[in-house]
């Protein structure tokens with residue numbers, strides 16, 4: 001492993017861009033936040049900040065959907081997105097035009113998954129799912145040591161779920177514009193606000209019934225991920241997971257829904273199999289450092 005070099009990390013989100021520089025040992029030398037505005041101005045601001053550090057390589061974890069296949073003619077571009085100004089914007093190409101360094105590119109959640117594998121609680125594992133529950137729901141998946149890319153990238157936040165009959169949200173509604181019964185539409189921050197009159201995750205953290213409802217949906221999705229991806233560990237981050245006890249409740253739902261099936265040492269111990277993120281919110285930054293290190297190699 002080449003530990004030399006100063007690496008740049010860009011967590012490119014729909015609301016904010018988090019820029020950081022650091023080293024392969026996980027040391028962060030500096031960071032800043034830039035609000036996500038129009039693409040050209042936002043990229044200019046990020047490039048200007050990185051140019052002051054003389055970085056050797058840059059890792060980018062981008063909000064999606066985005067083209068992550070290097071053989072795709074759209075590689076490095078944001079695809080069709082509700083942030084209309086960013087649709088089909090060549091993020092990677094725009095940064096390369098301004099910063100003459102090697103660059104690695106993936107989704108923000110794949111970067112977070114990579115960060116946990118290299119630096120965090122999944123260190124040494126080859127099969128991992130990282131789930132983030134915040135404004136939306138996204139999943140980063142590693143299979144046999146490789147971040148999963150298919151025809152696009154995992155969009156596991158939109159797996160279809162069975163609606164809870166006690167859910168106060170009408171059955172023909174959710175917070176997702178595409179589905180009335182997907183994971184994102186039922187448990188992400190906007191779903192909480194829609195269901196409970198503008199409340200945030202932290203507002204409902206002490207409401208046992210509310211957390212059980214969300215955990216039931218999360219438990220369904222976790223069973224699907226366990227059965228389909230067979231990960232050695234499932235890690236959950238994002239504002240909803242960080243500010244409520246939903247993960248601990250979801251472990252119980254997961255165990256009940258499996259009902260004794262798919263018995264492995266991991267799945268029989270949900271407390272160590274399904275865990276909160278371990279890197280204090282920096283898993284995406286650390287994953288981008290690793291993308292940069294690999295690009296430099």
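Read the figures in this text as sums done on the coordinates, not as results from a lab. A quick note: this is a predicted structure, and the numbers were derived from the prediction, not measured. Positions of Cβ are generated from backbone atoms using ideal geometry, with glycine treated the same way; all protein chains shown enter the neighbour counts.
Data for the structure
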| quantity | calculated |
| --- | --- |
| Stokes-Einstein D in µm²/s, Kirkwood radius over Cα pairs - the chain at 25 °C with 0.890 mPa s viscosity | 126 µm²/s |
| Between 0 and 90°, nearest 10: helix 283-296 axis offset from the chain longest Cα axis | 40 degrees |
| Kirkwood-based shape ratio for the range 133-265, expressed as Rg/Rh from alpha carbons | 0.96 |
| Cubic angstrom per residue, convex hull over Cα atoms of the range 103-162 | 114 Å³ |
| For the range 1-159: rounded, prolate or oblate by the Cα gyration tensor [a/c cutoff 1.5] | oblate |
| For the range 146-282: relative contact order, % (alpha-carbon pairs under 8 angstrom, 6 or more apart) | 20 percent |
| Cα long-axis angle, helix 246-258 against the chain (0 to 90 degrees, to the nearest 10) | 60 degrees |
| Global geometry of the range 165-207, whether rounded, prolate or oblate, following the gyration tensor of its Cα atoms and the 1.5 cut on a/c | prolate |
| Full-extension gain in nm, residue 261 to residue 143, via 0.36 nm per residue minus C-alpha separation | 40.3 nm |
| Theoretical FRET efficiency, 1/(1+(r/R0)^6), r = Cβ-Cβ of residue 272 and residue 23, R0 35 Å, to 0.05 | 0.70 |
| Relative contact order of the range 73-174, pairs being alpha-carbon contacts under 8 Å that are 6 or more residues apart, as % | 15 percent |
| Between helix 208-229 and the chain: long-axis angle, C-alpha atoms, 0 to 90°, nearest 10 | 60 degrees |
| Ascending count of other beta-carbon atoms within 10 Å, so fewest first, for 211, 78, 133 | 211, 78, 133 |
| Ranked by how many other beta carbons lie within 10 Å on average, peptides 94-101, 187-194, 221-228 from highest | 187-194, 221-228, 94-101 |
| The range 8-35 versus the range 229-291: alpha-carbon centroid distance in Å | 24 Å |
| Mean separation of Cα contacts under 8 Å, 6 or more apart, over the residue count of the range 9-134: relative contact order % | 21 percent |
| Likely footprinting exposure, 106, 203, fewest C-beta neighbours within 10 Å first | 203, 106 |
| Additional length obtainable on full extension of the chain from residue 172 to residue 51, 0.36 nm per residue less Cα span | 38.6 nm |
| Rounded D (µm²/s) - the range 20-81, Kirkwood Rh over Cα pairs, Stokes-Einstein at 37 °C, 0.692 mPa s | 242 µm²/s |
| Convex hull of the range 42-124 built on C-alpha atoms - directionally averaged projected area, nm² | 6.4 nm² |
| Computed [θ] at 222 nm, deg cm²/dmol, the chain (DSSP H ≥ 4; -39,500 (n - 2.57); rounded to nearest 500) | -10500 deg cm²/dmol |
| Full-extension gain in nm, residue 123 to residue 203, via 0.36 nm per residue minus C-alpha separation | 25.5 nm |
| Shape of the range 203-297, Cα gyration tensor, a/c cut at 1.5 | oblate |
| Highest average packing first - 195-202, 112-119, Cβ atoms within 10 Å | 112-119, 195-202 |
| Antiparallel bridges, percent of DSSP beta bridges restricted to the range 51-164 (to nearest 5) | 65 percent |
